[in-house]
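K.L.:
Dumping the structure here so I can ask a few things about it.
The values are calculated or read from the model by the stated rules, or taken from the named source; none is laboratory data. No experiment lies behind these values; they were computed from the predicted model shown. FYI the Cβ positions are ideal-geometry reconstructions off the backbone, even for glycines, and counts take in every protein chain you see.
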Amino acid sequence: MPCRPPSAFKRKELGTVPNSSDEMKKLFLCLFLCCIFNSSLIHAGEIQGIVKNLNGVLENAIVYLEKIDGKTFPPPEKTVILNQVGLVFVPHVLPVLVGTKVNFPNEDVVLHNVFSPGYTGKFNLGTYPQGTTKTRVFEKPGIVLLLCNVHHEMSAFVLVVETPYFVVTGRDGKYTLRNVPPGKYNLAVWHESMRHQIKKIEVLDKSQVNVNFLMIKK
């Protein structure tokens, strides 16, 4: 993730020098933050493993770091998309950071509806046709069940978390969390049909931590 200078410098020609104390302060602040960010990446570690149950590997499990005391993370500027296509929510499970904006486009020729019964905030985006997009900002941590009033077979889950360290397992049940700064964390895993699990872990300088989960059915 490259560090970009403040917007004030984008308008200046290459090679010019900021000519005000405010601009100099912004430049030094940007350089300082770049140094901190790059330093954390240099020392970052990696967490990897596999999620299983008694019958085999688990797809669509969300592995993530729980809230880190004393730290908050700004939501991404880019909007996340959870589609409605072929009478299915795609993807079926979606982890997002608190404050993330999610778009719900309807790509089917039929009407769709997106609503949540209220486990982590009740809402209803209404019914809308093909080519229309509705938006929701997820401000509260927790599980959000998504349903469609028009097609009762449709469902999806948004897991709103408090760190940017999360990943969804694929068909092989494997996961990797990259660029994790050294420290002690609570590593959690969620699956719609399994009991929630948490393990205490420690990531050392440039280390690779292997953590596997054996999930138990609810």
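K.L.:
Under 8 Å by Cβ, and 6 or more places apart or on different chains, what pairs join a residue from segment 157-173 that is touching a residue at least 12 places away in the same chain (Cβ under 8 Å) with one that is assigned to a strand (DSSP E or B) and basic (Lys, Arg)?
P.N.:
Gly173/Lys52
K.L.:
Return the total of residues in segment 170-218 being surrounded by 13 or more Cβ atoms within 10 Å (Cβ to Cβ) and among the basic types (Lys, Arg).
P.N.:
Looking only at that region, the number is 2.
K.L.:
Only one residue in Asn106, Asn55, Asn113, Asn83 is more than 22 Å from Leu177 (Cα to Cα) and in contact with a Cys (Cβ under 9 Å, 6 or more places away or on another chain), so which one is that? I'd like the intermediate steps shown before the answer.
P.N.:
Values: Asn106 fails: in contact with a Cys (Cβ under 9 Å, 6 or more places away or on another chain); Asn55 fails: in contact with a Cys (Cβ under 9 Å, 6 or more places away or on another chain); Asn83 fails: in contact with a Cys (Cβ under 9 Å, 6 or more places away or on another chain).
Only one candidate passes the filter, namely Asn113.
K.L.:
For segment 121-146, which positions are of a type in the set (A, V, I, L, M) and more than 22 Å from Lys78 (Cβ to Cβ)? Please lay out each step first, then the result.
P.N.:
Of all residues in segment 121-146, those of a type in the set (A, V, I, L, M) come to 125, 137, 143-146.
Within segment 121-146, Ile143, Leu145 meet the criteria.
K.L.:
So if I check each of Lys206, Lys200, Lys218, which one is touching a Lys or Arg at 6+ places or on another chain (Cβ under 9 Å), over 12 Å from Lys52 (Cα atoms) and either in contact (Cβ under 8 Å) with a residue 24 or more places away in the chain or aliphatic (A, V, I, L, M) (or both)?
P.N.:
On the way: Lys206 fails: touching a Lys or Arg at 6+ places or on another chain (Cβ under 9 Å); Lys200 fails: either in contact (Cβ under 8 Å) with a residue 24 or more places away in the chain or aliphatic (A, V, I, L, M) (or both).
None of the other options fit; the residue is Lys218.
K.L.:
Taking segment 81-135, which residues are at positive phi and either part of a loop (DSSP other than H, G, I, E, B) or touching a Leu at 6+ places or on another chain (Cβ under 9 Å) (or both)? Lay out the reasoning, then the answer.
P.N.:
Keep residues of segment 81-135 that are at positive phi, which gives 86-87, 99, 118, 121, 126, 131.
Result: Gly86, Leu87, Gly99, Gly118, Gly121, Gly131.
K.L.:
Moving to a separate point now. Please determine, by comparing only the residues of segment 113-134 that are in contact with a Lys or Arg (Cβ under 9 Å, 6 or more places away or on another chain) and modelled with pLDDT of 95 or more, which one is farthest from Phe157 (Cα to Cα).
P.N.:
From segment 113-134, those in contact with a Lys or Arg (Cβ under 9 Å, 6 or more places away or on another chain) are 114-116, 120-121, 123, 125-126, 128; that's our starting set.
Those still in the list that are modelled with pLDDT of 95 or more too: 114-116, 123, 125-126, 128.
On the way: Val114: 12, Phe115: 11, Ser116: 10, Phe123: 14, Leu125: 15, Gly126: 18, Tyr128: 20 Å.
So the residue we want is Tyr128.
K.L.:
Going through segment 136-163 one residue at a time, which ones are over 16 Å from Leu82 (Cα atoms) and in a strand (DSSP E or B)?
P.N.:
Initially, segment 136-163 is screened for residues over 16 Å from Leu82 (Cα atoms), giving 139-142, 149-153, 161-163.
The answer is Gly142, Val161.
K.L.:
Which of the numbered conditions does Gly121 fail, given that it passes all the others? Conditions: (1) surrounded by fewer than 18 Cβ atoms within 10 Å (Cβ to Cβ); (2) in contact with a strand residue (DSSP E or B) (Cβ under 8 Å, 6 or more places away or on another chain); (3) farther than 21 Å from Thr100 by Cβ.
P.N.:
(3)
K.L.:
Something else about it: Being among the β-branched types (Val, Ile, Thr), more than 22 Å from Gln197 (Cβ to Cβ), surrounded by fewer than 16 Cβ atoms within 10 Å (Cβ to Cβ) and under 16 Å from the mean Cα position of the chain (by Cα) narrows it down to one of Val110, Val90, Val85, so name that one.
P.N.:
Working: Val110 fails: under 16 Å from the mean Cα position of the chain (by Cα); Val85 fails: under 16 Å from the mean Cα position of the chain (by Cα).
Matching residue, one of Val110, Val90, Val85: Val90.
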